[in-house]
Every structure is written in C-alpha cells, then in structure tokens.
1. Quick check on my filter: what residues within region 163-220 are in the same structural domain as residue 95 (by the TED database), closer than 15 Å to residue 293 by Cβ and open to solvent by 50 Å² or more (accessible area, probe 1.4 Å)?
2. Could you pull out the residue among 310, 284 that is modelled with pLDDT of 95 or more and open to solvent by 20 Å² or more (accessible area, probe 1.4 Å)?
3. Could you check residue 293 against (1) at pLDDT 95 or above; (2) under 17 Å from the mean Cα position of the chain (by Cα) and say which number it fails?
4. What are the residues in region 168-180 that are touching a helix residue (DSSP H, G or I) at 6+ places or on another chain (Cβ under 9 Å), outside any loop (DSSP other than H, G, I, E, B) and among the polar types (S, T, N, Q), if any?
5. Identify, please: which residue in region 172-182 is more than 9 Å from residue 79 (Cα to Cα) and touching a residue at least 60 places away in the same chain (Cβ under 8 Å) and is, among those, nearest to the chain's Cα centre (by Cα)?
6. Residue check: is residue 115 of a type in the set (A, V, I, L, M, F, W, C), within 24 Å of residue 263 (Cβ to Cβ) and either at pLDDT 80 or above or surrounded by 21 or more Cβ atoms within 10 Å (Cβ to Cβ) (or both)?
7. Could you list, ordered by first residue, the pairs with Cβ atoms under 6 Å in which the first is in region 323-334 and free of Cβ contacts under 8 Å to residues at least 40 places away in the same chain and the second is surrounded by 18 or more Cβ atoms within 10 Å (Cβ to Cβ) and part of a helix (DSSP H, G or I), at least 6 apart or interchain?
8. Can you find, within region 306-323, the residue that is farthest from the chain's Cα centre (by Cα) among those that are part of a helix (DSSP H, G or I) and farther than 20 Å from residue 381 by Cα?
Amino acid sequence: MAIAVGHCHDLKPPAVRGRHYRPYSVTQLDRSLLERDNQERNALSPQRRCLSSPCFTTVAEPASDDAHDDKKMPRVEIVAGRHARGVHELIAEAAGAIASGTRLVPAQSGLGGALLLKDGRSGEHVAVIKPLDDATSSSSTNGGGGYESKAVLREVAAYLLDHDGFASVAPTALIKISRPEMETTVASIQRFVAHHYDAGELGPSRFSVTSVHRVGILDVRLLNIDRHAGNILVKNPPTSGCAVDGSTSAAPLELVPIDHGLCLPEKLDDPYFEWLHWPQSSRPFSGAELDYIASLDPFKDAEMLREELPSLTEPAIRILTVCTVFLQRAAAAGLCLADIGDMMTREFSSAEEGLSALEALCKKAVDSIDTQSPKRVSFGVLGGEEWVAFMEKFEQLLPPAFEDKKRGAGVALN
C-alpha cells in the first residue's frame, strides 16, 4: 500500500467563529478547511511533489505518470507546524502506520473523541489524533465526536511556543488526512508519550522541581485554564535507586504536559493550575529558568502565531503577550512560581468571585485609556494605538504590584 506525505501549502486553519471563548464546549466544525479545492495539488507532477515534501520510505513511486493514480494514494499533509522540530519524524511514523492499514482506536480517557494510532508492526502507540468535530462526516471513526477548531489550534500553538522543548510538550501539528473513497479528516496529531501514571495517581512529593517549574512557566504564558492532574503525565516509572550512602531513594519523576485546547483564551479568565500549591512551586527559579524566561520574546512569538495559525484570534494572541510580560517582570522581581500563579488566580469571598491581581492590573491599565471599560477585560476591543498605550501603562503598574505581593499585600482595584 502506498501513501503520499507532503505539506499543505495552500490550506489555512479553519476560521474561528465568534468573538468570545467558550471553555468546556465542543461545537460544530468550521468547514472552510475541508471545502478547499484540491485540484491544483492533484495536478502536480510526481517530481514537483517530491521537491516540496519530505522523502519518507513509506512513499512509493507511482507506477505511471497518470495524475489519476495520485488520487488512489492516501495522503497526510501538514497544515500547520511544518517547521517545528520533530514534526516531520512524527508524520513519517504516522504515515507508515496508516499505510500498514492500522485502525484508529478511541482513547480510554479524555473528551472530544481523541484517537490513538498504533504502529501496525510493533503494536506500540505512535500518536494521539484529535479530529475536528464534523457530525456529518461519514468517515468519522468516533461517531461524529471531535474537537472544536479553536481547541485544535491551541494544541498546535502550545507546541510551537514551547521553545527548545523546555516544558516537554510532545511534537504536535495540524494535519489533513485524505483517503480513497473517504471524506477528508482534519485533526491535530501529537506524538504519544509513553507513561505509567498521571500526576493525579501519585503524590507531588516525588516530582522534579525542574519539571514542575517548566510546566508552570508554560501554563503562565498561555493562561491555561485547565491544567489539572489528569493532563500532566509522569514520564518516568516509579523505580527505586541506591543512593551514594547505600540507602534506598527514589529518583525525581519528570512530567509531560498534554491537552492544551483550553489555553490562550480570548479574554482574561480564571486559570486552573494544579501545581499552584505543590511545594516545588514555592522554590525559587533556577538560574537556567530565569535565563529562559528572560529570553522569551512575546512580540516575536505573536508574529509567529499569526503566520503559522492565522485563524487564531488576535485577542488570544494578546493574552500570550500580556501573560509573558507579566511572567518576565515577576520573575525578575524575585517572585516564585506560586506567587505568580496566585496573582493570576481569582479570589472568592462572600460567595462572590472577585478579580485576580492580574485582572485588576489590566483593568487599571484599560481604564486609563477607556473609563467605560467592562469589569472583565478583553483585549479584542483595543485598537492598535490603544493596545500600545495599554502595554505601556500595564508595565508601569507591575513593579509596585510585585512589591505589594512580596510584602503580603493585595493589589487594589481603585
């Protein structure tokens, strides 16, 4: 069985409907991506296609030059993430598994119909595929279930923003799978991470301080509103080792974050950080962690997301910018991860949900531009000049807020 693997240069991710982000919901697929005309791609000669696509051993030479033969070959095309590290290797393995006739099987846990792709020869898991929701698709292997387009885009965004694999996000891309006589499938694909447990099955005392910090740094940048114990995998099995003095001690366990479909919301929201009260979060950042945080360029990252994921909305991209700047200034001021996460989390008093310290600071900055701003801040209402003015005011407000936090005082709204 032959399979063609290539880049989908002409396709863009599906357009995102609606201005406001609706967490924990699975809605109908934006179908624009599925309805693109593929005539130009099918008309390419085999020689031209080989120049623009990775050469994998799973790609067989066509028996003839007839363009119709190309339509008989299943294709896996990279829609977004083609330049990211590890993606080509992942797609090659996935293409080989698909070529061998491997069936996609539903994952045992998770929402939205995640599917597992196994290697047809070894039987080992290769990837997790999260299809876009298309209830009308006859090719749906999970009864029409799937993920909304915004969630799938955010899965890819999290990987693209995990520079140098700092937080160990597994290689992720947006792909299009075309098979003979079956409807096209658009999905995110992520390399499967072999693991024995998730963080909810083990106490945090054995988790590596470095791993906790790195997952936390990623979550702060992305304003992750759904970092629960079930989407933090424990990569290393819990084995015991022998210490230098002959006593038995357990090696620290490394963590791998997954499921980033609820990061980068379109307006400031209340994040959920499972690690917030773990003891590791109260430990100071290491020199290497501080260097990494300082090296982040939120404006360059924003441009990268606009190019790689053009359907990711501008308010979501601005969330990344605000949260990254907040992280950088807080770390430079000497705050630990727990302090930073606490300032981003809303407080509840008298059964009423109040603003987080971060939201209060953002509202102050917005009010300096527009006194009629709503209580819940959304950056989508700010024009270009207003956005620049907001960022200038926001950064001015940060130093005294961090000093208040170190003294144990709150951030006043007025």
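The values are calculated or read from the model by the stated rules, or taken from the named source; none is laboratory data. Please read these numbers as outputs of a predicted model, since none were measured by experiment. Here Cβ is always computed from backbone atoms with ideal geometry, including for glycine, and neighbour counts include all displayed protein chains. Heads up: the accessible areas ignore ligands, DNA and RNA and are worked out on the full protein's heavy atoms, side chains in. Shrake-Rupley method; radii C 1.70, N 1.55, O 1.52, S 1.80 Å.
1. Within region 163-220, 163, 164 qualify.
2. Details: 310 fails: modelled with pLDDT of 95 or more.
Just one listed residue meets the conditions, 284.
3. Single failed check for residue 293: (2).
4. 172
5. If we filter region 172-182 for residues that are more than 9 Å from residue 79 (Cα to Cα), which is where we start, we get 172, 177-182.
With the extra rule that they be touching a residue at least 60 places away in the same chain (Cβ under 8 Å), the set shrinks to 172, 177-180.
Numbers: 172: 8, 177: 21, 178: 24, 179: 27, 180: 31 Å.
Looking at residues that are more than 9 Å from residue 79 (Cα to Cα) and touching a residue at least 60 places away in the same chain (Cβ under 8 Å), I get 172.
6. Numbers: of a type in the set (A, V, I, L, M, F, W, C): yes; within 24 Å of residue 263 (Cβ to Cβ): yes; either at pLDDT 80 or above or surrounded by 21 or more Cβ atoms within 10 Å (Cβ to Cβ) (or both): yes.
Here the answer is yes, as residue 115 does meet what is asked.
7. Final answer for the pair search is 328/293.
8. The initial filter retains those residues of region 306-323 that are part of a helix (DSSP H, G or I), namely 306-308, 314-323.
Still in the running and farther than 20 Å from residue 381 by Cα: 307-308.
Working: 307: 16, 308: 13 Å.
Result: 307.
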